[in-house]
Amino acid sequence: MKKKLNIGMIGYGFMGRTHSNAFTKAPHFFDLPYEPVLKTVCARNAEKAAAFAAQWGYERFDTDWRKVVESPDIDVIDIASPNDTHHDIAIAAAAAGKIVLCEKPLGRNPAESEAMVAAVEKAGVPNTVWYNYRRTPAVTMAKKLIDEGRLGRIFHYRTVFLQDWTISPDLPQGGEGLWRLDSAVSGSGVTGDLLAHNIDTAMWLNGQISEVSALTETFIKTRKHSLTGEDQAVTIDDASLFLARFANGSLATFEATRYARGHKALYTFEINGEKASIKWDLHDLHRLEYFDYADESQLRGWKSIHITDGDHPYMSHWWVPGLQIGYEHTFVHQAADFMMGLGAGTPVAPTFREALATDYVVDAVLKSGKSRQWETPKTA
Ligand code: SOE
């Protein structure tokens, strides 16, 4: 019989759903050393917590995260609530000896993130941050190709994350769903919410970012606040672009915005090496575009590899070759990898400390946007 792993989910929004779905599906598709049990979901609003618990099959619900953290029958605290709650919950959970999983970004700023890293490391509790896109099979495949040296020396890294859902000036800030527009809750705008994904993937694939020069902008200066009903200054970055140099000498451009009319979630990257290049696009997430200079010259060109075969990362766990999976599966893979790491006693990336490295780059980008100077991110 497998050991049960009792989950206490904090938060029931978009991320509460992706994480709950991941724990539900992972044991059906992966042979795991644990049986995850959806024990409790916690939200301030009892009615909503009860409805979520019923819909997702949680055994109970709670309205006070402190009670969940202190519950002896909970093994894992999974933080899927807004960013301003991450710090306090993670630190209390670590002190209570719980395994801690946290939605990205870790904290609202490096000070919060550093305290969270110190707490899990002092308590010696397993931890991870849900940077889910690493576990898209095509992205994991890109990592494999780079690690095998197939690209050779890397010269360029080019990446964007484009959305268009905040263009209307009538969209309020704050409150459910829209807390991402309220910097008191989110910490930052697109830099911490979207570029954090690009930065996490980029440093995983191409190593440490050593310096950045950024341009940030807030296009809509005031918005009504959903909670106060007042017009309030908008203090998040609506758009963020930066140039970067990696420690390996390669050069990069990063861009994120919520004002790219026509784009819902266009996350792309392209990497150019001396021997080969790679391109990936979230809207076509199962494809990896690959150009290999070693190919015979008359047939040389970009290949569009359908990453759905049994020997592609994660795919042997799903259907038959050629059939696709999607966004939700990136979370299923992370949940599965986490439980396998837990069984083997090995940390599962990205740990809190690895995610802190991303927060340092986010912080350097925001600083550079203000100072108009090159900034050097701290190393974690
Ligand atoms: C914002 O719209 C958002 O939901 C981010 O918060 C997620 O991290 C990203 O994956 C998709 O976009």
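Less than 28 Å apart at the alpha-carbon level, and either on another chain or at least 8 residues along: which lysines does that give for LYS67? Counting by Cα, and skipping residues close in sequence, LYS67 has these lysines nearby: LYS2, LYS3, LYS4, LYS25, LYS39, LYS48, LYS98, LYS104, LYS122. Taken one residue at a time, the phi angles of segment 337-345 give Karplus couplings (6.51, -1.76, 1.60, θ = phi - 60°) of 4, 5, 5, 5, x, 4, x, 8, x Hz. Gly and Pro are set to x. Rounded to whole Å, give me the distance from the Cα center of segment 1-48 to that of segment 265-320. Centre-to-centre (Cα) distance: 32 Å. For segment 161-218, the normalised intensity computed at q = 0.14, 0.17, 0.24, 0.25 Å⁻¹ comes to -0.49, -0.69, -1.09, -1.14 (log10 of I(q)/I(0), Debye sum over alpha carbons, equal scatterers, no solvent). Here the sum of -39500 (n - 2.57) over DSSP H runs of 4 or more residues, divided by the residues of the chain, equals -10000 deg cm²/dmol at 222 nm, to the nearest 500. Rg then Dmax, both in Å and based on the Cα atoms of segment 3-132: 13.7, 39. Take the alpha carbon gyration tensor of the chain, find the square roots of its eigenvalues, order them as a ≥ b ≥ c, and report rounded if a/c is under 1.5; if not, report prolate when a/b exceeds b/c, else oblate. Verdict is oblate for the chain.
Of the candidates ALA49, ALA93, ALA294, which one comes out as most mobile in a Gaussian network treatment of the chain with C-alpha springs shorter than 10 Å? Residue with maximal mean-square fluctuation among ALA49, ALA93, ALA294: ALA294.
Taking every DSSP beta bridge that has both ends in the chain, the antiparallel portion is near 55%.
Each value in this text was obtained by applying a stated rule to the coordinates, not by laboratory testing. Quantities reported herein were computed from a predicted structural model and do not represent experimental measurements.
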